[in-house]
1. Have a look at PHE353, PHE341 and point out the one that is over 24 Å from CYS112 (Cβ atoms), open to solvent by less than 40 Å² (accessible area, probe 1.4 Å) and at pLDDT below 95.
2. Mind checking which residues of the stretch 160-179 are open to solvent by 10 Å² or more (accessible area, probe 1.4 Å) and under 17 Å from the mean Cα position of the chain (by Cα)?
3. Show the residue pairs that are 6+ apart or on different chains and have beta-carbon atoms under 6 Å apart, the first residue being within the stretch 319-348 and without any contact (Cβ under 8 Å) to a residue 40 or more places away in the chain, the second being open to solvent by less than 20 Å² (accessible area, probe 1.4 Å).
4. Could you run through the stretch 173-188 and say how many residues are over 11 Å from LEU332 (Cβ atoms) and of a type in the set (A, V, I, L, M)?
5. Before we move on, is LEU95 crowded, with 18+ Cβ neighbours inside 10 Å, of a type outside the set (Lys, Arg) and more than 18 Å from VAL26 (Cα to Cα)?
6. When residues of the stretch 93-130 are filtered for being modelled with pLDDT of 95 or more, of a type in the set (A, V, I, L, M) and either under 21 Å from SER145 (Cβ atoms) or not in a loop (DSSP other than H, G, I, E, B) (or both), how many remain?
7. Name the pairs whose Cβ atoms lie under 8 Å apart, with the first residue in the stretch 187-206 and more than 16 Å from ligand 3 (Cβ to nearest atom), the second assigned to a strand (DSSP E or B) and of a type in the set (S, T, N, Q), and 6 or more positions between them or separate chains?
8. Report whether or not LYS114 is open to solvent by 30 Å² or more (accessible area, probe 1.4 Å), touching a helix residue (DSSP H, G or I) at 6+ places or on another chain (Cβ under 7 Å), basic (Lys, Arg) and touching a residue at least 24 places away in the same chain (Cβ under 8 Å).
Amino acid sequence: DTSGKVIKCRAAVAWEVGKPLSIEEVEVAPPRAHEVRVKIVATGICGTDDHVLKGSFPNIDYPVIPGHEGAGIVESIGEGVTGVKPGDKVIPLCLPQCGECSSCLNPDANCCLKTHLCEPQNLMPDKTSRFTCKGKQIHHFLWISTFSEYTVMPDSTIARIDAAAPLDKVCLLACGFSTGYGAAINTAKVKPGSTCAIFGLGGVGLSVVIGCKTAGASQIIGIDINKDKFTKAKEVGATECINPRDFRQPIQEVLTEMTGGGVDYSFEVVGDVDTMTAALASCHMGSGTCVVIGVPALGSHIPFDPMLLLTGRTWKGSILGGWKTKDSIPKLVSGYMEKKFNPDVLITHTLPFEKINEGFELLCAGKSIRSILYF
Ligand code: APR
Ligand code: ZN
Ligand code: ZN
């Protein structure tokens, strides 16, 4: 029995900006009141983790253990924890649902005020760390640090899931899949028979495609500068795919011509200010909606023609697909178990944890959609 004891295990530590991760033996302290210690079984590699390694993610303190797309099993719980018990299968939540703030109390909002955008999550809420390595304190990431075999998190950032769920698959529901799928279902509320355009066909963009298809869209146009992404996009529901570099005209003009006036819904899943403006301009005048999902470079600003909005387009965005995480992630896992959607197609590589840097290289070279690491 390990409860109440310090656990020594493997973790991937980012000691400083611009360096690859190093696999280290770390000590993980037991959970304190309202905290849970989880044995991570599998974790995906998301673009946001890469932003942390490159120093382009706000409010990070180094050294840090990144990772936020994981699934695991509760090892032990601290005082006052009621939602989970040892042995439960769980998904750590990269966006908390505290249940008490104005966003959590608003049925139409999911951006809990306990998110890292409002206060740093580099230490547990009591401002101490549960990780040490070589005598040094190591920081947490988004309170969940899934690149550690054992990790501690507050009980506001954990959700119990179906005991039969395959953890090496449903870990994708922690971030990438839910973000894209929810953007189509919750944020855009795509209607049957509609026309959609998705800018960027990475893991999140493909999840948008799956969401648009599930919602019954009749025309789903995938847009990417890497044509290698087209086969999979068509496999999951894109009706056609285009490469902006194949056209002389700006891509918004191409889309407007292809669809007789613009799309009903466009999605930006690149994280680039130019594609954000192009996606807005691709919407139909008077009725089109553009959803921004891609994370822009720190400090970005967009100059744009306000006539695009004045003439009746809607510009919006969402974090984690608009899902209230604690309530919704378990339901998404149930949907997966009932085969309502299939995020497995996003998994292009499965690697042992030790090969984590190889996983990042595949992602940065555009060769993987999602790599899953297992401990
Ligand atoms: N036009 C169209 N597609 C582009 C462009 C462009 N100008 N530039 C890049 N792309 C494509 C890339 O070729 C790639 O296929 O966008 C895709 C981005 O995919 P990934 O890098 O795999 O990222 P993903 O995990 O899907 O996340 C996309 O959402 O959550 C955020 O931080 C994440 O900003 C990132 C975005
Ligand atoms: Zn992510
Ligand atoms: Zn909250």
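The values are calculated or read from the model by the stated rules, or taken from the named source; none is laboratory data. Nothing here was measured: the structure is a model prediction, and the numbers come from that model. Every residue, glycine as well, gets a Cβ built from its backbone with ideal geometry; the counts of neighbours run over all protein chains shown. Just the protein is used for accessible areas: all its heavy atoms, side chains included, with ligands, DNA and RNA removed. Shrake-Rupley method; radii C 1.70, N 1.55, O 1.52, S 1.80 Å.
1. Going through PHE353, PHE341 in turn, just one is over 24 Å from CYS112 (Cβ atoms), open to solvent by less than 40 Å² (accessible area, probe 1.4 Å) and at pLDDT below 95: PHE341.
2. Passing the criteria: LEU167, ASP168, LYS169, CYS175, THR179.
3. Hits for this filter: THR348/SER368; THR348/ILE369.
4. 3
5. yes
6. 5
7. ALA188/THR289; SER194/GLN219; THR195/GLN219; CYS196/GLN219; CYS196/SER266; ALA197/SER266; ILE198/SER266; PHE199/SER266
8. Criteria met by LYS114.
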